[in-house]
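Take a look at the structure set out below.
The values are calculated or read from the model by the stated rules, or taken from the named source; none is laboratory data. Since we're looking at a predicted model, the values are computed, not measured. No Cβ is skipped: glycine too gets one built from the backbone with ideal geometry, and neighbour counts run over all protein chains shown. The area values use the complete protein model at the heavy-atom level, side chains included, leaving out ligands, DNA and RNA. Shrake-Rupley method; radii C 1.70, N 1.55, O 1.52, S 1.80 Å.
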Amino acid sequence: MVVCGDDGLAHRLAAELRGVYGEQVTLVVPPNERTARPPVVGRARSASAALFDRVVSAAVGTVGRSGTGGQPAGAAAGQHPDAEGVLEAAELTEAVLAEAGVARAAALALVYDDDETNIRAALTARRLNPRLRLVLRLYNRRLGQHIEELLDQAAALAAGGDGGPGTAAEASTTVLSDADTAAPALAATAVAGTGRVVQTEGLLLRAVERPLSGDGPGTGLYTLALLSGGDPAGTDGPDGAGEQQPRLLPDDEEVRQAAGRQAVVLEHVSAPAGGESAAPARRAMTGVPPLGSLFSRRLRWSLAVLAGCVVGLAVALWLVTGIHPLRAFYITLLDLFAIDDPALRQPLGRQLLQLLSALVGLLLLPLLLAAALEAFGTFRTASALRKPPRGLSGHVVLLGLGKIGTRVLTRLRELNIPVVCVESDPEARGLATARRLRVPVVLGDVTQEGVLEAAQIQRAQALLAVTSSDTTNLEAVLYARTVRPDLRVVLRLYDDDFATAVYRTLRTAYPQALTRSRSVTHLAAPAFAGAMLGRQVLGAVAVERRVLLFAAVDVDGHPQLEGRTVREAFRAGSWRVLALLGRADTSSSHVLGKGDRVVVAATRRGLAELR
């Protein structure tokens with residue numbers, strides 16, 4: 001198998017294929033001076049160590065040094081031990097692909113950070129080997145669908161042309177996005193009580209974290225994972241942290257013995273139409289701003305008070321003069337706009353009411369002008385960035401609007417969760433999405449004083465730091481913790497060793513707060529590896545520092561599944577059949593046949609055993 005890329009995902013994917021599935025891998029990377037590395041290396045790692053000193057110097061003295069072993073992560077990445085061969089090339093030309101053995105390879109993964117580079121290489125590779133299984137990393141989902149159809153059609157035509165049996169079946173093209181894979185896990189981690197949702201053709205699966213009762217999760221539900229007993233809130237530490245180890249896909253006996261322990265439980269399987277996130281998503285996608293957003297809250301209150309005064313004056317005029325209520329309201333409006341005759345020979349009460357109406361009319365005119373100007377300004381700046389409103393609370397502060405941050409923002413808005421974004425680059429790709437979703441954005445360097453305060457960090461419920469720099473994410477979290485020691489924080493950290501050190505140190509310094517670390521490559525690599533082996537990975541769920549995969553598997557040809565019931569087709573710690581595609585009411589006694597296609601929850605090694 002051949003893996004081509006220019007960042008950490010390529011190295012992680014090669015290690016996944018080699019270490020978990022035992023495949024022979026050739027890794028194609030740029031030359032040393034351009035080879036991708038985790039963001040925290042060299043000078044950045046020194047800066048991170050200085051940041052640790054601000055937290056708890058004693059803890060950093062032991063944890064920080066032990067996490068890295070004194071060796072920069074980039075050095076390890078440059079000499080990848082999990083690939084049969086490493087080929088350095090500045091450009092992925094036809095000659096480079098041929099030298100990497102694409103013509104004889106079973107699968108090729110193109111995981112460059114640039115969509116155009118991956119597409120060009122995929123077209124060349126399909127010409128070199130029509131039977132090749134292609135896995136592309138593309139951020140543009142719509143373009144990815146067209147490219148997938150194009151390359152599959154090319155493989156089918158090549159199969160018909162050379163008459164090779166099984167060529168069309170062997171060749172396939174899968175387009176994946178690491179951002180799409182990681183965004184649901186990051187969004188769910190940032191908000192307490194948010195379920196993990198995996199949606200596929202005809203099915204929606206929702207998993208939640210909750211403590212187990214004495215009789216297990218309940219009828220019709222599966223326990224997908226037991227969390228480590230040392231971290232009952234479900235925060236993610238390294239394996240080995242806490243009193244108990246996390247356990248993926250436990251059997252019934254383990255579940256019964258884990259009463260009171262926090263677990264990830266499959267809550268329900270249903271049809272996606274009209275799902276819980278559909279309505280918020282439609283509201284967020286609409287381009288028409290709601291009426292309440294046209295005017296400020298202060299102006300709305302002023303207009304409401306003034307309207308109350310008009311009604312009060314009309315009622316008073318009706319009571320004083322005894323005229324019909326509608327006529328009283330009409331005369332009051334005439335008095336407001338000073339277009340009625342003065343009440344010179346009228347009773348004193350009528351004269352006083354006319355004076356009061358004229359006074360209210362003087363107050364109404366500037367308010368109407370302000371409303372008109374404000375509404376006009378709102379329509380003019382509908383495409384401009386919004387500022388966080390005063391008094392905002394209970395929101396999520398999202399740092400970074402790159403590829404990952406944009407997908408996370410979309411997911412949070414689908415869940416109808418208020419968000420305030422912070423971005424330093426005025427040309428970031430996610431700013432257009434923030435404008436469309438009408439999400440407040442603070443432009444500025446998060447490491448500068450006052451930027452997080454502008455995002456109302458002191459009243460936020462969580463901080464989600466997903467910038468491309470580990471140091472920036474760490475510094476933002478440390479500063480936010482000085483403002484809110486109990487703030488829930490989620491960090492995107494590239495280096496696993498560094499993430500472990502950060503996690504342990506923050507838990508030591510702030511034991512009362514929830515701290516979680518997530519690696520995008522750690523979440524995405526299993527999905528890419530499964531696709532290279534012909535598995536359709538639907539989603540990945542982070543369980544502390546481990547990953548549980550949801551995949552679609554054809555029962556035909558799998559003795560572990562074919563002819564067994566759903567209950568029998570279960571191997572503890574490896575895989576569990578959750579549902580049949582297209583059927584939300586799968587019975588545990590249903591016998592799996594050749595024509596069935598099932599959704600399984602599997603560990604990485606379990607997915608390898610289902611080949």
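Observations
- Flag not set for residue 542, criterion: modelled with pLDDT of 85 or more and not in a loop (DSSP other than H, G, I, E, B).
- Test: residue in segment 481-488 that is crowded, with 23+ Cβ neighbours inside 10 Å and at pLDDT 85 or above: no
- Remark: residue 576 matches the filter, which requires a residue to be in a strand (DSSP E or B) and of a type in the set (Lys, Arg).
- Every residue from segment 417-447 that is at pLDDT 85 or above, closer than 16 Å to residue 466 by Cβ and open to solvent by 30 Å² or more (accessible area, probe 1.4 Å): 424, 425, 445
- Meets criteria (in contact with a Leu (Cβ under 7 Å, 6 or more places away or on another chain), among the hydrophobic types (A, V, I, L, M, F, W, C) and modelled with pLDDT under 80) for residue 581: yes
- Helices (runs of 4 or more DSSP H) enclosed by segment 44-126 - at least 1 residues per element that are out of contact with any Cys (no Cβ under 9 Å at 6 or more places or on another chain) and at pLDDT below 90: 57-68, 73-78
- Qualifying residue in segment 448-467 (condition: of a type in the set (S, T, N, Q), in contact with a strand residue (DSSP E or B) (Cβ under 9 Å, 6 or more places away or on another chain) and open to solvent by 50 Å² or more (accessible area, probe 1.4 Å)): yes
- The number of residues in segment 1-32 that are under 17 Å from residue 176 (Cβ atoms) and small (Gly, Ala, Ser) comes to 4.
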